[in-house]
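The values are calculated or read from the model by the stated rules, or taken from the named source; none is laboratory data. Please read all numbers here as calculations on a predicted model, not as lab measurements. Ideal geometry is used to build each Cβ from the backbone, glycine not excepted, and the neighbour counts take in all protein chains shown.
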Amino acid sequence: MSVYCNISSTHCYIVILMSFILLVMANTAEVMAKKTSYNNEKIIILDPGHGGHDKGVQSMNGTYEKTLSLKLANIIAKKLKDKYRVFLTRTDDYWLDIPSRIDAANHLKANLFISIHFGGSFLHKTSGICIYYYKEISRSANILENETLKTIKSNNIQTQWHKIQNRHKTTSHILAESVKNRINEHIEFTKCKVQGAPVIVLSGADMPAVIIEAGYISNPTDENKLKDTKFLSDFAKSISKGIEDFFKTHKN
Ligand SMILES: [Zn+2]
């Protein structure tokens, strides 16, 4: 799949999307054969940030954001899979562009889209968890991860979902608060906060959607915690409980 990605063409995009849909169909068939006892048929898309040549943030000790985001997404998926249909946008170390991640979620009519990232700073003391929901602000404001915008333009891919997230911004905000409350309840970390921002990866999601920036791996103390299996498992548990809380209050 990564070979196709390097072509950076519409063909690449279609191949990735079709591969993802076929993977989902195969998984769905397998799941349906195993059991039909889901509480509901809600679909959750977990999106581990970056991948392949796009390593994301790198710590002084060589921890890559792309690796940690996939690890955390896998643990969250395990904690949710008995109650929901959970799919990852990428399941290994390969690159996906933003439209591929979003379009797959939209075509599946997913109920939630959650992108997993980590922060980095030249100031090693910088710490904290932040959950972002989509919110348009003035043009002079900073745009988070604006490299993703450049990626979309350079691939010349027209996204039909541009800014469709606006109609979900209230529920996305509620989702962010639900997850934040559970994280702050159980995790010994700098307090998690919620913030609205014009995040490109969320703008095309036609469902409640957030980015969890799950700590700064440039902070050695936080990095050590995030590399601890027990801590990461507890962190994933809090996030999954926040998602369950959201579904309890938002049935549709
Ligand atoms: Zn990132």
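At a glance:
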quantity: Ala209 vs. criteria within 16 Å of the ligand (Cβ to nearest atom) and closer than 18 Å to Leu72 by Cα; calculated: yes
quantity: Test: residue in the stretch 40-62 that is touching a residue at least 60 places away in the same chain (Cβ under 8 Å) and in a helix (DSSP H, G or I); calculated: no
quantity: Search result, residues across the stretch 201-212 that are surrounded by 24 or more Cβ atoms within 10 Å (Cβ to Cβ) and not in a loop (DSSP other than H, G, I, E, B); calculated: Val201, Leu202, Ala209, Val210, Ile211, Ile212
quantity: Residue in the stretch 139-146 that is within 16 Å of the ligand (Cβ to nearest atom), hydrophobic (A, V, I, L, M, F, W, C) and either in contact with a helix residue (DSSP H, G or I) (Cβ under 9 Å, 6 or more places away or on another chain) or modelled with pLDDT of 90 or more (or both) present; calculated: yes
quantity: Qualifying positions in the stretch 69-95 - hydrophobic (A, V, I, L, M, F, W, C), in contact with an Asp or Glu (Cβ under 9 Å, 6 or more places away or on another chain) and crowded, with 24+ Cβ neighbours inside 10 Å; calculated: Ala73
quantity: All positions within the stretch 63-95 that are in a strand (DSSP E or B) and over 15 Å from the mean Cα position of the chain (by Cα); calculated: Tyr64, Arg85
quantity: Filter result for Asp82 (modelled with pLDDT of 50 or more and within 16 Å of the ligand (Cβ to nearest atom)); calculated: no
quantity: Single match in Ser59, Ser37 (criterion: over 20 Å from Leu175 (Cα atoms), out of contact with any Lys or Arg (no Cβ under 9 Å at 6 or more places or on another chain), modelled with pLDDT under 95 and within 16 Å of the ligand (Cβ to nearest atom)); calculated: Ser59
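Let's see how each residue does on (1) under 17 Å from the mean Cα position of the chain (by Cα); (2) within 16 Å of the ligand (Cβ to nearest atom); (3) at pLDDT 90 or above:
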position: Ser115; (1), (2), (3): yes, yes, yes
position: Cys130; (1), (2), (3): yes, yes, yes
position: Thr151; (1), (2), (3): no, yes, no
position: Asn156; (1), (2), (3): no, no, no
position: Thr170; (1), (2), (3): no, no, yes
position: Ile200; (1), (2), (3): yes, yes, no
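Here's the yes/no breakdown for (1) farther than 20 Å from Ala77 by Cα; (2) buried (at least 20 other Cβ atoms within 10 Å of the Cβ):
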{"position": "Lys193", "(1), (2)": "yes, no"}
{"position": "Ala197", "(1), (2)": "yes, no"}
{"position": "Ser240", "(1), (2)": "no, yes"}
{"position": "Glu244", "(1), (2)": "no, no"}
{"position": "Lys248", "(1), (2)": "no, no"}
